[in-house]
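Heads up: the structure comes next, in structure tokens.
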Amino acid sequence: MSGLPDAGFLDERGLNRQHVFNLAALPADLLAPLAPAAHERQLILFGHAGRRLWECVQAEGLSSAHPIDEYSLRTVEHWLRRNLPATQARFVFPNTPSHQRIGLQRLGQLAGWHHPAPFMLGVDAKWGSWFAYRAAILTDTNLPTSAIEDLGHPCPACTDKPCIGACPGKAMEGGHFDMAACHQHRLADQSPCALGCLARQACPEGAEHRYEDSQIQHSAAGSLAWIRAHART
């Protein structure tokens, strides 16, 4: 449990994972890109797990290029106004300057959320890989820090490794993730994984929390556009 005030408001709106960190306790290399000001003492990480967030985004009918980011920003801002109106808060994700690299997966590891899966996403024994990081703010608060929420790492006990066999680009067969092979296959004509990672979908963990196809395709379209843009550079 995060211990945030009015956490139920966030849960109902799909931001059902929250974690409060004291900046003084974060590793120096993780803290440095955040460039905290003197008054900023804590980082609050917001994530979502399962389908609820996408249901809320669709219910609002958002049509921007980045509807999940827009919704997440607005929801966190609303939560701050409701519960911490005097707090000074600064978003460091999303809307992160291009020169800053926020270590979201590192923060997820420290929170207990992230265990590495062969297909390069975080996974746990409840949600599988069907969760993501949605917002992070630096604040001047003195909230109780969150307890680690470690739901377990399912991959070591998985003997069949269906994710590896499901990848048409054979990006995991060498015992490590071959990013170049993944990108090459996603860019191929009529690629079956252009708009959704087949390895991720083959993982049995958290299958009941699998995103709707429309969310999978939306997220994959964004990453595919990034791959195409960088393939030309």
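A search for C-beta distances below 6 Å between a residue of region 23-43 that is farther than 12 Å from Arg106 by Cα and any residue that is among the polar types (S, T, N, Q) and in a loop (DSSP other than H, G, I, E, B), counting only pairs 6+ apart in sequence or on different chains, returns Pro33/Gln100; Gln42/Thr141.
Going through region 113-122 one residue at a time, which ones are under 11 Å from the mean Cα position of the chain (by Cα) and within 22 Å of Met179 (Cβ to Cβ)? Explain how you work it out, then say what you get.
Here is the first cut: in region 113-122, the residues under 11 Å from the mean Cα position of the chain (by Cα) are 113-114, 121-122.
Selection gives His114, Leu121, Gly122.
Screening Ala147, Ala220, Ala181, Ala171 for residues that are touching a residue at least 12 places away in the same chain (Cβ under 8 Å), surrounded by fewer than 18 Cβ atoms within 10 Å (Cβ to Cβ) and part of a loop (DSSP other than H, G, I, E, B) leaves exactly one candidate, Ala147.
Can you name the residue in region 1-56 that is of a type in the set (D, E, K, R) and closer than 19 Å to Gly103 by Cα and is also surrounded by the fewest Cβ atoms within 10 Å (Cβ to Cβ) among such residues? Going through the qualifying residues, I end up with Asp29.
The single residue among Val76, Val20 that is in a helix (DSSP H, G or I) and under 21 Å from Gln105 (Cα atoms) turns out to be Val76. When Ala111 is tested against (1) under 22 Å from Gly50 (Cβ atoms); (2) among the hydrophobic types (A, V, I, L, M, F, W, C); (3) surrounded by 14 or more Cβ atoms within 10 Å (Cβ to Cβ); (4) touching a helix residue (DSSP H, G or I) at 6+ places or on another chain (Cβ under 7 Å), just one condition goes unmet, and that condition is (4).
Check whether at least one residue in region 198-217 is among the aliphatic types (A, V, I, L, M), within 16 Å of the chain's Cα centre (by Cα) and more than 26 Å from Leu26 (Cα to Cα), and report yes or no. So far as region 198-217 goes, yes, one or more of its residues are among the aliphatic types (A, V, I, L, M), within 16 Å of the chain's Cα centre (by Cα) and more than 26 Å from Leu26 (Cα to Cα). Looking only at residues in region 205-217 that are of a type outside the set (D, E, K, R) and free of Cβ contacts under 8 Å to residues at least 40 places away in the same chain, which one is surrounded by the fewest Cβ atoms within 10 Å (Cβ to Cβ)? That would be Gln217. Screening Asp160 with (1) touching a helix residue (DSSP H, G or I) at 6+ places or on another chain (Cβ under 8 Å); (2) surrounded by fewer than 17 Cβ atoms within 10 Å (Cβ to Cβ) gives one miss only, at (1). Taking region 91-108 as the range and being open to solvent by less than 40 Å² (accessible area, probe 1.4 Å) and either in a strand (DSSP E or B) or not polar (S, T, N, Q) (or both) as the test, the residues that pass are Val92, Pro94, Ile102, Gly103, Leu104, Leu107, Gly108.
The values are calculated or read from the model by the stated rules, or taken from the named source; none is laboratory data. Note that the structure is a prediction, hence the values are computed from the model and not measured. Reconstructed Cβ throughout: ideal geometry from the backbone, glycine too, with neighbour counts over all protein chains shown. What goes into the accessible areas is simple: the full protein's heavy atoms, side chains included, and nothing from ligands, DNA or RNA. Shrake-Rupley method; radii C 1.70, N 1.55, O 1.52, S 1.80 Å.
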